[in-house]
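Below is one structure, written out as structure tokens; comments come after it.
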Amino acid sequence: MPQTTSLSPLLEDVLRRNAGEPEFHQAAREVFDSLGPVIAAHPRYAEASVLERLSEPERQIIFRVPWTDDRGHVHINRGFRVEFNSALGPYKGGLRFHPTVTLGTVKFLGFEQIFKNALTGLPIGGGKGGSDFDPKGKSDAEVMRFCQSFMTELYRHIGEYTDVPAGDIGVGGREIGYMFGQYKRITNRYESGVLTGKGVGWGGSLVRTEATGFGAVVFAERMLATRGRSFDGARVLVSGSGNVAIYAIQKVQQLGGTVVACSDSTGAVYDEDGLDLDLLRRVKEQDRGRLSDYAAARGTASVYRPGGDIWALAAETHIDVAIPCATQNELDGDAAATLVNNGVIAVVEGANMPSTPEAVRVFSSGGILFAPGKAANAGGVATSALEMQQNASRDAWTFDYAEHRLAEIMVGIHDRCAETAEEYGSPGDYVLGANIAGFVRVADAMIALGVI
Ligand code: NDP
């Protein structure tokens, strides 16, 4: 058994200094819980106080975002950008627009992003941002005015070599377009590499839209293969119905699986014979509609469950794989027990930290395959880095080439996590493997760059 070091005093200090930020505490605790063996094996990390430095963002920006609605009323939202760690490259990570966003949310996401980005093997540091603005129910003109106001402050903090935001919950191609337009107008520079997730016609990369969902399923396929299983013939639950969920569903279908349910924040749909992806995309992407609209259009082939718990379906119908793709802490201990007790063989996190710590313990003691988000959903940021490469070389790759690069990266991340878990005496523990492999890459760079 490898030696381990108790990191409790360090963790206590991080929790104390970041009071009132439970999601950041949860993310920090999960990483600290994994790092004992690597800190014990390599004293240089403790000597250089790497963990203490890694837990403190390099910079945190909070700003006022005033905007005017269509009736002429003024609203004030709060904007955030947390530039967490730039040892490996410019800060990189998405922007989230959702009414629940706080500094603690952005810090949890930024912290996760450091390790995720390191796992890709690409030259990108970790950051995250967003606002408590709710794009739901707003007109296009209101969303545009909000994005322009947000960028009027953010522009001074970002840049191709400094910090490169992208999308996340509530921020898709429309919002990136409005923000890029405002950045271009203020700076008088067509600096394509300053934002990723751009439209393919103006500097975006093919496959970026699909990348997070596709990548999670490629990771899952590799993981299932370790137990001689595949998606062919598998029945799958995917929570959420946004960007990550839709492309996870598409890739599962391409690999021969059947996705029988998905959800949004007001309900879930269950289609015994599999979801109609074309209809789902039309309702969600074109019409910006709700799943209730999807169910109404699908007729008797679909059952809509208002407020429904998607994971409970595992007790009613056979499910092989669960892919949570909505939001943090959406899958709790009880839901995890339902999945494990009803024969689910793998859970793959498309979202960031969708499983509570209790759920992760249930998966671990149940012996099922579990892929943490920071490894499984890294395809999005990896393809963002590929978009930056294309911007820097004024090039545009084909869909097939970009997808091939994404698949290579996901297989690489899977294997790195699996090998690291094995090396540290916990074969099959992808949480430990991801945390240690990501940490080592960042920590070694931090030591090389000195105390800065
Ligand atoms: P979208 O905004 O496109 O979709 C989010 C989906 O999750 C919607 O169906 C939404 O339902 C649902 N959802 C959001 N908040 C809640 C909530 N509090 N309770 C229940 N359901 C909720 O976001 P993405 O698909 O881009 O992101 C989903 C997850 O994936 C997030 O955790 C994000 O951080 C993560 N991720 C995204 C990446 C990307 O490239 N986009 C990259 C890596 C990770 P509703 O419409 O009702 O709000």
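The values are calculated or read from the model by the stated rules, or taken from the named source; none is laboratory data. Source: prediction; values computed, not measured. In this analysis, Cβ positions are derived from the backbone assuming ideal geometry, glycine residues included, and neighbour counts consider all displayed protein chains. Only protein heavy atoms, including side chains, enter the accessible area calculation; ligands, DNA and RNA are left aside. Shrake-Rupley method; radii C 1.70, N 1.55, O 1.52, S 1.80 Å.
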| Going toward the positive end of the dipole of the range 217-301, with +1 on Lys and Arg Cβ and -1 on Asp and Glu Cβ, which of Leu279, Asn243, Leu224 do you reach last? | Leu224
| note | Burial-style ranking of 396-407, 319-330, average other-beta-carbon count within 10 Å with highest first, yields 319-330, 396-407
| note | In debye to the nearest 20, the charge dipole size for the chain, taken about the Cα centre with +1 at each Lys and Arg Cβ and -1 at each Asp and Glu Cβ, equals 1180
| remark: Plugging the Cβ-Cβ distance of Thr300 and Glu408 into 1/(1 + (r/R0)^6) at R0 = 51 Å yields, to the nearest 0.05, a FRET efficiency of 0.75
| query | Relative contact order (percent) for the range 59-191, with alpha-carbon contacts under 8 angstrom and 6 or more residues of separation? | reply | 29
| message | Given the DSSP H assignment, sum -39500 (n - 2.57) over each helix run of at least 4 residues in the chain and divide by its residue total; what's the result at 222 nm in deg cm²/dmol, nearest 500? | response | -14500 deg cm²/dmol
| field | Listed residue pairs exceeding 20 Å between alpha carbons, taken from Lys92/Lys138; Lys107/Lys136; Lys136/Lys284; Lys198/Lys374; Lys136/Lys184 | value | Lys92/Lys138; Lys107/Lys136; Lys198/Lys374; Lys136/Lys184
| query | Can you tell me the accessible area per residue over the range 1-138, all protein chains present, probe 1.4 angstrom, in square angstrom? | reply | 41
| query | What share of Cα pairs, in percent, lie more than 27 angstrom apart in the range 306-433? | reply | 30
| By average C-beta atoms within 10 angstrom, highest first, the peptides 376-384, 333-341 | 376-384, 333-341
| Potential extension, Glu419-Phe399 segment - 0.36 nm per residue separation minus Cα distance | 4.2 nm
| note | Among the DSSP H helices of the chain, those whose Cα atoms extend at least 18 Å along the helix axis and whose mean Kyte-Doolittle hydropathy is 0.0 or higher are 22-41, 103-119, 140-154, 208-225, 430-449
| message | I'd like the carbon and sulfur percentage of the solvent accessible area for the range 211-367, probe radius 1.4 Å, heavy atoms only, ligands and nucleic acids excluded. | response | 45
| note | The Cα radius of gyration of the chain, divided by 2.2 N^0.38 Å with N its residue count, comes to 0.94
| task | Starting with the highest mean, order 30-39, 227-236 by the number of other Cβ atoms within 10 Å, averaged over the residues of each peptide. | result | 30-39, 227-236
| query | Restricting to the chain, what percent of DSSP beta bridges are antiparallel, rounded to 5? | reply | 55
| query | Over the range 211-367, what is the percentage of antiparallel beta bridges among all DSSP beta bridges, to the nearest 5? | reply | 45
| remark: Counting only protein heavy atoms with a 1.4 Å probe and every protein chain in place, the carbon and sulfur fraction of the accessible surface of the range 59-191 in whole percent equals 48
| task | Report the net charge of residues surrounding Tyr183, where surrounding means a beta-carbon distance below 9 angstrom and charges are Lys +1, Arg +1, Asp -1, Glu -1. | result | +2
| message | What does DSSP give for the range 59-191 in terms of the percent of beta bridges that are antiparallel, rounded to the nearest 5? | response | 65
| query | Once the other residues with Cβ under 11 Å from the Cβ of Ser355 are scored (Lys, Arg +1; Asp, Glu -1), what is the net sum? | reply | -4
| Measuring from centroid to centroid over Cα atoms, what is the spacing of the range 298-333 and the range 87-144 in Å? | 26
| query | Among residues other than Trp67 whose Cβ falls under 14 Å from its Cβ, what is the net charge (Lys/Arg +1, Asp/Glu -1)? | reply | -3
